[in-house]
Amino acid sequence: MELHYYPGCTLKTRAKGLEDSAVAAMAALDIQLKEIERWNCCGTVYSLAEDDLAHHLAPVRNLIRAKEQGADRLGTLCSFCYHTLKRANILVRNDSAKRKTLNDFMEEEADYNGEVEVVHLLNVLKDEVGWEAVTQKVRVPLHGLKVAPYYGCTLLRPQEVAIDQVERPTILKELVEAIGGEAVDFPFATECCGSYQVVSNPNFAAQRAWEIISSAMRKGADALVLSCPLCHFNLSERQSELVQRYSDFTGMPIFYFTQLMALAFQLDSAVCHFGLERADPLPLLKSRNLVS
Amino acid sequence: MVIKKALVIGGGVAGIQAALDIADAGYEVFLVEKDSSIGGHMIQYSEVFPTLDCPQCIMTPKMVQVGQHPNIRLLAYSEVESVSGEAGNFTVQVRRKASYVNWKKCTGCGLCQTKCPVTAPAEFERWLPFGPRKAIYVPFGQAVPNKPVIDRETCRFFTQGKCKICQRLCPTGAVDYEQKETVTEINVGAIIVATGFELYAKRDIPEFAVDADIVDGIEFERILCPGGPTAGSVMRPSDRKTPREVAFISCVGSRDPEHGFPYCSRVCCMYLAKLAMLYKHAVPDGQAYIFYMDIRSTGKGYEEFVQRAVEEDEVIYLRGRASRVFRDGEKLKVWGADTLTGKRVEVSCDMVVLGMAMIPNPKGVELARKLGLATDDYGFITEAHAKLRPLETSVPGIYVAGTAQGPKDIPDSVAQASGAASKVLALLASGEAVLEKAR
């Protein structure tokens with residue numbers, strides 16, 4: 001099966017490990033991710049201002065690209081890209097007046113009426129591939145690896161774009177268990193990582209990272225797993241500083257869910273780009289005999 | 001011609017009151033109760049607001065009266081199967097469930113329960129991990145009738161084919177493993193539906209953890225009750241330690257369209273104030289916190305009662321909703337907002353008590369369907385007219401009382417029950433059923 005997909009900016013730079021491991025892991029499951037051509041920024045943040053239609057041009061333009069390249073569905077990996085594309089698509093579908101304004105503004109483009117379906121790869125894995133098929137591809141079950149699923153905000157809120165139950169999601173837990181790991185529930189799984197507050201108030205984001213990771217540590221987790229490059233940045237970037245500030249804080253590696261799949265499927269570890277990680281996962285993985 | 005007998009369905013405080021009023025007026029009443037004893041939810045409570053009476057003191061005399069009244073035929077452990085006919089002449093099939101004990105022979109001595117080798121969580125104690133019941137059991141000490149039933153699901157004889165200890169012990173030979181359920185047909189002129197309420201399940205609130213120390217109001221009533229499974233010592237279910245701090249959360253599910261119940265459950269403000277107060281009486285150096293949206297204390301003596309909780313028992317009221325409850329080691333954490341200061345609050349405590357939405361008893365909803373009674377979106381029975389005919393249902397000759405009609409407290413339930421009983425008496429006494437006439 002071929003699935004058109006939209007990578008987004010971060011997956012070409014810091015989150016290279018998310019993209020490459022996703023492409024490789026999905027290929028192992030016979031799903032070829034086909035990057036759409038001429039994509040642009042997703043818009044990053046879905047604007048809530050009633051009259052701020054200009055903000056929706058970027059995501060809608062990406063959906064137009066997908067449509068003209070014959071995609072009826074568009075796969076996404078980054079939680080933020082998923083969120084902005086999905087919500088902009090819902091806006092186009094439900095608000096005929098705004099749809100007309102957007103289409104009129106982009107007069108050089110063909111009209112777009114919400115024909116493309118935006119999907120997150122986790123939903124493709126759960127609903128189409130199925131956890132059993134995922135388990136069948138596992139060569140090195142992640143036995144002994146205790147991973148706390150972390151969802152953050154944008155995969156689950158608001159309800160109309162939620163990839164799972166809003167308050168008690170289980171989709172990442174199901175994935176972790178399908179590849180042989182032990183999923184650790186913790187109360188901060190759906191709390192915000194600090195998001196773009198990191199730009200104006202970096203200490204606030206560091207505080208969030210400390211709260212979230214400490215909570216997972218208390219529940220016995222070795223690592224977090226997530227799908228969002230921004231959460232990943234906020235949770236890993238300041239760990240070394242937090243270790244110095246709090247004597248009982250040890251920190252933990254932050255994995256993209258596709259990196260764990262690549263490990264379990266025993267794919268070339270180069271696709272994980274562990275060298276880009278600020279919280280080095282290799283000591284943990286070596287101690288669990290998951291890398292040599 | 002009107003059959004001068006009545007049927008009351010449901011043996012809680014509303015059904016008991018209605019049955020007694022009709023019986024005292026000289027008419028024969030059948031009282032059908034699905035459980036093996038009457039008493040309903042009220043008999044589970046520790047003390048009741050605003051007087052702090054003990055239900056065991058004020059309710060058991062009424063229960064005993066029901067059991068002994070010459071005009072009341074109590075059909076406990078029974079359910080209404082079907083109803084046909086019309087006002088003045090209903091034919092009702094009542095299914096008498098198999099208790100596996102011949103209640104005519106049983107003297108209620110209790111010997112059968114002493115040697116039963118099986119224990120199971122007690123329904124009456126809301127399945128709390130204190131004081132389990134036996135497989136042959138009477139739900140509580142003051143049960144009316146004081147007769148045991150055998151729970152087939154856990155009884156060793158029914159599950160493993162051998163045991164029969166209770167049968168050997170019974171001095172009157174009342175234990176009968178071969179007993180079958182039977183159907184009794186009765187004819188009555190009028191019916192009162194008083195099937196009561198249940199609480200929405202706390203596990204269905206996904207933002208709150210599922211945890212032994214997060215309990216609903218009735219569970220905490222049992223923990224506080226001097227006659228309850230902890231004999232009134234306040235202890236938390238997980239480790240039996242005395243909770244030093246307890247957080248109470250109002251409007252859980254209620255007044256919350258997101259959870260499907262936009263209505264106010266009407267009693268939670270009062271019973272949470274009461275539970276916090278009783279907790280403080282039991283643990284004077286403990287601290288109680290109540291998260292609330294508004295305080296709705298509109299009954300007689302109710303506002304004074306809430307003020308007493310604040311002033312005398314030093315309950316801390318926090319105006320705001322709780323967004324999340326989760327375990328953090330030994331403690332439970334409650335995240336919420338204090339909307340008076342506009343700040344986020346985190347309360348670290350040992351137990352959390354949830355004021356869950358009151359919903360109609362699911363068995364009552366099923367029954368309303370069988371009887372053809374109109375209900376609202378949530379299953380509460382709809383009155384014939386919201387203002388002027390509040391006791392009549394959409395079916396002539398069938399009346400409603402208590403929480404089957406909507407959330408309400410004990411005095412309102414009792415008043416409504418007496419009102420419904422007087423409607424029934426008017427019908428029985430007049431000797432003719434006048435349909436479609438508003439009185």
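The values are calculated or read from the model by the stated rules, or taken from the named source; none is laboratory data. This is a predicted model, so every value here is computed, not measured. We place every Cβ from the backbone using ideal geometry, glycine too, and count neighbours over all the protein chains shown.
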Next on the checklist: Is it the case, given these coordinates, that A:Pro202 is touching a strand residue (DSSP E or B) at 6+ places or on another chain (Cβ under 6 Å) and either on the phi > 0 side of the Ramachandran plot or modelled with pLDDT under 95 (or both)?
Outcome noted: no
Checklist entry - Would you pick out the residues in region B:196-220 that are more than 14 Å from chain A (Cβ to nearest Cβ), among the aromatic types (Phe, Trp, Tyr) and either over 27 Å from B:Ala404 (Cα atoms) or not in a strand (DSSP E or B) (or both)? => result B:Tyr200, B:Phe220
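Having 1 or more residues that are under 18 Å from B:Leu340 (Cα atoms), free of Cβ contacts under 8 Å to residues at least 60 places away in the same chain and not hydrophobic (A, V, I, L, M, F, W, C) is the bar; report the strands (runs of 3 or more DSSP E) wholly within region B:234-327 that clear it.
On the way: elements: B:245-252, B:287-292, B:316-319.
Because the criterion is at least 1 residues that are under 18 Å from B:Leu340 (Cα atoms), free of Cβ contacts under 8 Å to residues at least 60 places away in the same chain and not hydrophobic (A, V, I, L, M, F, W, C), the strands (runs of 3 or more DSSP E) in region B:234-327 that meet it are B:287-292, B:316-319.
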Next on the checklist: I'm trying to understand the selection: among the residues of region A:230-259, which are within 15 Å of A:Ala178 (Cα to Cα) and either touching a Gly at 6+ places or on another chain (Cβ under 7 Å) or in a loop (DSSP other than H, G, I, E, B) (or both)?
Outcome noted: A:Gln259
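Residues that are within 23 Å of A:Leu155 (Cβ to Cβ), assigned to a loop (DSSP other than H, G, I, E, B) and basic (Lys, Arg): does region A:278-286 have at least one? Write out each step before concluding.
Step one: of region A:278-286, the residues within 23 Å of A:Leu155 (Cβ to Cβ) are A:278-279, A:281.
Checking the rest, the ones that are also assigned to a loop (DSSP other than H, G, I, E, B) come to A:278-279, A:281.
Next cut, basic (Lys, Arg) only: A:278.
Scanning region A:278-286 turns up at least one residue that is within 23 Å of A:Leu155 (Cβ to Cβ), assigned to a loop (DSSP other than H, G, I, E, B) and basic (Lys, Arg).
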Item to check | Answer from B:Ala143, B:Ala122 - the residue that is touching a residue at least 40 places away in the same chain (Cβ under 8 Å), assigned to a loop (DSSP other than H, G, I, E, B) and surrounded by 21 or more Cβ atoms within 10 Å (Cβ to Cβ) | outcome: B:Ala143
Item to check | Selection within region B:223-274 - of a type in the set (A, V, I, L, M, F, W, C) and at pLDDT below 95 | outcome: B:Ala231
Item to check | In region B:276-300, the residues that are touching a strand residue (DSSP E or B) at 6+ places or on another chain (Cβ under 6 Å) and either among the hydrophobic types (A, V, I, L, M, F, W, C) or crowded, with 23+ Cβ neighbours inside 10 Å (or both) | outcome: B:Ala276, B:Tyr279, B:Ala288, B:Ile290, B:Phe291, B:Met293
Next on the checklist: Cβ contacts < 7 Å: first residue within 11 Å of A:Tyr6 (Cβ to Cβ), restricted to region A:52-78; second residue surrounded by fewer than 16 Cβ atoms within 10 Å (Cβ to Cβ) and of a type in the set (Lys, Arg), any location; separation 6+ or different chain. Result?
Outcome noted: A:Arg65/A:Arg38
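State yes or no: is B:Val138 more than 30 Å from B:Asp211 (Cβ to Cβ) and out of contact with any helix residue (DSSP H, G or I) (no Cβ under 9 Å at 6 or more places or on another chain)? Break it down into steps so the answer makes sense when it comes.
On the way: more than 30 Å from B:Asp211 (Cβ to Cβ): yes; out of contact with any helix residue (DSSP H, G or I) (no Cβ under 9 Å at 6 or more places or on another chain): no.
In short, no.
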Checklist entry - Here is a list of conditions, (1) exposed (fewer than 13 other Cβ atoms within 10 Å of the Cβ); (2) over 20 Å from A:Asp111 (Cα atoms), and A:Glu37 meets all of them except one; can you say which number that is? => result (2)
Item to check | Count of region A:128-142 residues which are without any contact (Cβ under 8 Å) to a residue 40 or more places away in the chain and either in a loop (DSSP other than H, G, I, E, B) or in contact with a strand residue (DSSP E or B) (Cβ under 8 Å, 6 or more places away or on another chain) (or both) | outcome: 1
Checklist entry - Of the residues that make up region B:347-354, is at least one surrounded by fewer than 17 Cβ atoms within 10 Å (Cβ to Cβ), farther than 22 Å from B:Ser46 by Cα and within 14 Å of chain A (Cβ to nearest Cβ)? => result yes
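Based on what the data block shows, is A:Leu125 under 14 Å from the mean Cα position of the chain (by Cα) and not in a loop (DSSP other than H, G, I, E, B)?
Details: under 14 Å from the mean Cα position of the chain (by Cα): yes; not in a loop (DSSP other than H, G, I, E, B): yes.
So A:Leu125 fits the description; yes.
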Next on the checklist: within 14 Å of chain A (Cβ to nearest Cβ) and not aromatic (Phe, Trp, Tyr): which single residue out of B:Val234, B:Val252 fits that description?
Outcome noted: B:Val252
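Residue by residue through region A:9-53, note down the ones that are of a type in the set (Gly, Ala, Ser), in contact with a Cys (Cβ under 8 Å, 6 or more places away or on another chain) and part of a helix (DSSP H, G or I).
Let us first name the residues in region A:9-53 that are of a type in the set (Gly, Ala, Ser), namely A:15, A:17, A:21-22, A:24-25, A:27-28, A:43, A:47, A:49.
The next check asks that each one be in contact with a Cys (Cβ under 8 Å, 6 or more places away or on another chain); those that pass are A:15, A:17, A:21.
If the condition is that a residue be of a type in the set (Gly, Ala, Ser), in contact with a Cys (Cβ under 8 Å, 6 or more places away or on another chain) and part of a helix (DSSP H, G or I), then A:Gly17, A:Ser21 are the ones that fit.
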Item to check | Any chance B:Lys333 is assigned to a strand (DSSP E or B), out of contact with any helix residue (DSSP H, G or I) (no Cβ under 9 Å at 6 or more places or on another chain) and modelled with pLDDT of 95 or more | outcome: yes
